[in-house]
1. Rounded to the nearest 0.05, what FRET efficiency do residue B:181 and residue B:109 give with R0 = 22 Å and r taken as the Cβ-Cβ distance? Could you check?
2. Could you compute the FRET efficiency for residue B:1 and residue B:91, with r as their C-beta to C-beta distance and R0 at 25 Å, rounded to 0.05?
3. Against the longest principal axis of chain B, how steep is helix B:3-25, in degrees 0 to 90 to the nearest 10, with axes from Cα atoms?
4. For each of B:82, B:210, count neighbouring Cβ atoms within 10 Å of the residue's Cβ, then give the residues from fewest to most.
5. Provide B:101, B:176, B:23 in ascending order of the number of other Cβ atoms located within 10 Å of each residue's Cβ, fewest first.
6. Taking a cut-off of 20 Å, what percent of all Cα-Cα pairs in region B:12-90 are separated by more than that?
7. Please compute the alpha carbon radius of gyration of region B:1-157, then divide it by the globular-protein estimate 2.2 N^0.38 Å. Two decimals is fine.
8. I'm checking a number: the convex hull volume of the Cα atoms of the protein assembly as shown, normalised per residue, in Å³. What is it?
Amino acid sequence: SSTSDLKDEL
Amino acid sequence: MNLFRLLGDMTHLLCIVVLLLKIRTRKSCAGISLKTQELYVIVFLTRYLDLFTMYNSLYQIVMKLVFVGTSIGIVWYMRYHKVVKQTYSKNEDTFRHYFLILPCFVLALFVHLDFTVVEVLWSFSLYLEAVAILPQLVLLQRSRNIDTLTGDYVFLLGVYRVLYLLNWVYRFFMEIHQIRWIPWVSGFIQTALYADFFYYYIKSWKNREKLKLPA
């Protein structure tokens, strides 16, 4: 998921 | 979102405020590397492609737009503003961007999660962000006079990266429990590049002297 790839970070 | 991450993002915003303050009130960009600022524009544009493709929280949308907008604004000031552009330390800002852009792009072609445009550019943006500060550090080393705002700006950029590292340690134990090589390794390298600067910044602060980096 996007969260686990740290895609929710800036 | 954990406290480290929030503080990291807020510190990053503060960096931009400090830099814009210098540019807008002092009408000066002396000691600021245009090369580094242009690299940040590329970093943000390539990383935030997902603004258009996937759901983002309002926080993310606003922050991403702020980072893209302000980075373009800063480059505009340094290149085109009648007064500001004359203060640009052009002769000392000689680092060639493409020495950084090209290797990062090649690396992203080989090291990524998926071979898709978005994923390759995402990896590229992380690799490029890791080294984007180099032209700025080289410029500081060449500057005789580093003014307070410039020193504070670079220091805060480093603090923001340290906070992101702490955020990853927190997330690893509390949420993810998995290794994330691409952001972690590039983030670690990015933070390590500030170590030398931190040393001299803190030393000058403790001795109440003007910041000066050894050539």
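1. Plugging the Cβ-Cβ distance into 1/(1 + (r/R0)^6) gives 0.85.
2. On the way: r = 43 Å, r/R0 = 1.72.
Computed FRET efficiency for residue B:1 and residue B:91 comes out at 0.05.
3. Computed tilt is about 30 degrees.
4. Values: B:82 7, B:210 11.
Exposure proxy ranking, most exposed first: B:82, B:210.
5. On the way: B:101 18, B:176 15, B:23 21.
So the ranking, lowest neighbour count to highest, is B:176, B:101, B:23.
6. Values: 1054 of 3081 pairs.
The share of Cα pairs beyond 20 Å in region B:12-90 comes to 34 percent.
7. 1.07
8. On the way: hull volume 28.7 nm³, N = 225.
Per-residue hull volume (Cα only) is 127 Å³.
Computed from the coordinates by the stated procedures, all read-outs in this text should not be read as laboratory data. These numbers were taken from a predicted model, which means no experiment stands behind them. Here Cβ is always computed from backbone atoms with ideal geometry, including for glycine, and neighbour counts include all displayed protein chains.
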